[in-house]
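Working notes, structure below.
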Amino acid sequence: MHSIADWAPFVALNGAIHKLIDAIDRLTIQSPWLLQKEAVKYVRLSNNTFVALVDKGVIKKHSLDEYGIVKTLYNVKELDEWLLKQK
């Protein structure tokens, strides 16, 4: 029978793998614009937290409604600037 301590290396490895996947995802983004789902993943927040910050004006959204396109985008550079302020 295994103890919890036996699983510690696997838990650490799992965390490291997820961090690596997130880093690769960030590097493979080609456009400076993200959809909400992508932006939520990019800043590593829950969707509800992200929406609350957008609603409060903390995170800026860019709507294309004025052009007849029902889509909201988020700028990677602005998200990066916001993330840096959080450290």
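The values are calculated or read from the model by the stated rules, or taken from the named source; none is laboratory data. None of the values given here were measured: they were computed from a predicted structure. Using ideal geometry, Cβ is built from the backbone for each residue, glycine included, and neighbour counts are taken over all protein chains shown.
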Worksheet item: Of the residues Ile29, Ile24, which single one is under 14 Å from the mean Cα position of the chain (by Cα), at pLDDT below 95 and loosely packed, with under 10 Cβ neighbours inside 10 Å?
Response: Ile24
Discussion item. Name the single residue that is surrounded by the most Cβ atoms within 10 Å (Cβ to Cβ) among those in the stretch 36-62 being of a type in the set (Ser, Thr, Tyr) and within 15 Å of Gln86 (Cα to Cα).
Written reply: Tyr42
Practice prompt. Mind listing just one residue for me: the one in the stretch 63-79 that is touching a residue at least 24 places away in the same chain (Cβ under 8 Å) and touching a strand residue (DSSP E or B) at 6+ places or on another chain (Cβ under 9 Å) and, of those, surrounded by the fewest Cβ atoms within 10 Å (Cβ to Cβ)?
Written response: Lys71
Practice prompt. Consider only pairs whose beta carbons are under 6 Å apart and that are at least six residues apart or on different chains; among these, list those whose first residue lies in the stretch 40-62 and is at pLDDT 95 or above and whose second residue is loosely packed, with under 13 Cβ neighbours inside 10 Å.
Written response: Val40/Asn47
